[in-house]
Amino acid sequence: MFNGLYLGKSKWHRLDNVGANLCFVVLLIHLCNYKNIVHADINKYIGLWLVVYCQEKDPWNMWYTVVPIGLQVIVLMVNWAVYYKKRESVGRGGAAGTGTGTPTEINYECLKRTILWLLLAVLCFIKGLDEHNDPYRLFHGLWHTFCGLGTVHAWQIIQVHNREDVANEMYHLTKKREARQGGGIDSIATCHSKVIKE
């Protein structure tokens, strides 16, 4: 009646692909565990652009789904391989749990569950590609179900985040701004010091 809410079947399929692909890309960015949140944001914007570009190019070509996710996997592997030891060495000289140079700690139980559910999801996804032998889209539905279960555990894989403490950053930025203006910062310092201690 409304032509698929003003979008045809093909366009809705593209939007669905964009959302699904970004779920994987954002999860992989989370696992990169960037210390600087700006770097994480830049990675997200590049990932968003690449996913949309690929889906506009050819949403029916599997390679245009695999490439953006595959590139983010490479970014994750390089990030961990190159910077992990550097973070670890810095972490030895700092206080644990501050998020400054603290090495990434892995919850291996969640990692095992993630791999198990995602393996089942991939098998169902491959089986569901032949929609003529999957008329009720059972395997495609199971792909979403198992993928969702795997994602729940995937977001818990990282136990210690490298990201700098936001409250601490806010305090230092406020301190510099007040110093330039020549005003007092006693009340602000007291407020933020309580947040940092807690």
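Numbers below:
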quantity: Relative packing of 128-135, 26-33, 72-79, which averages over residues the other C-beta atoms within 10 Å, highest first; calculated: 26-33, 72-79, 128-135
quantity: Subset of 35/176; 11/44; 11/35 violating a 30 Å alpha-carbon distance limit; calculated: 11/35
quantity: Rough spin-label spacing in nm, given labels placed 7 Å along Cα→Cβ, for residue 155 and residue 133; calculated: 3.5 nm
quantity: Measure of compaction for the stretch 105-164 (Cα Rg per 2.2 N^0.38 Å); calculated: 1.40
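Read the figures in this text as sums done on the coordinates, not as results from a lab. All values reported here derive from a predicted model rather than from experimental measurement. Because the Cβ atoms are built from the backbone with ideal geometry, glycine has one as well, and the counts that use them run over all protein chains shown.
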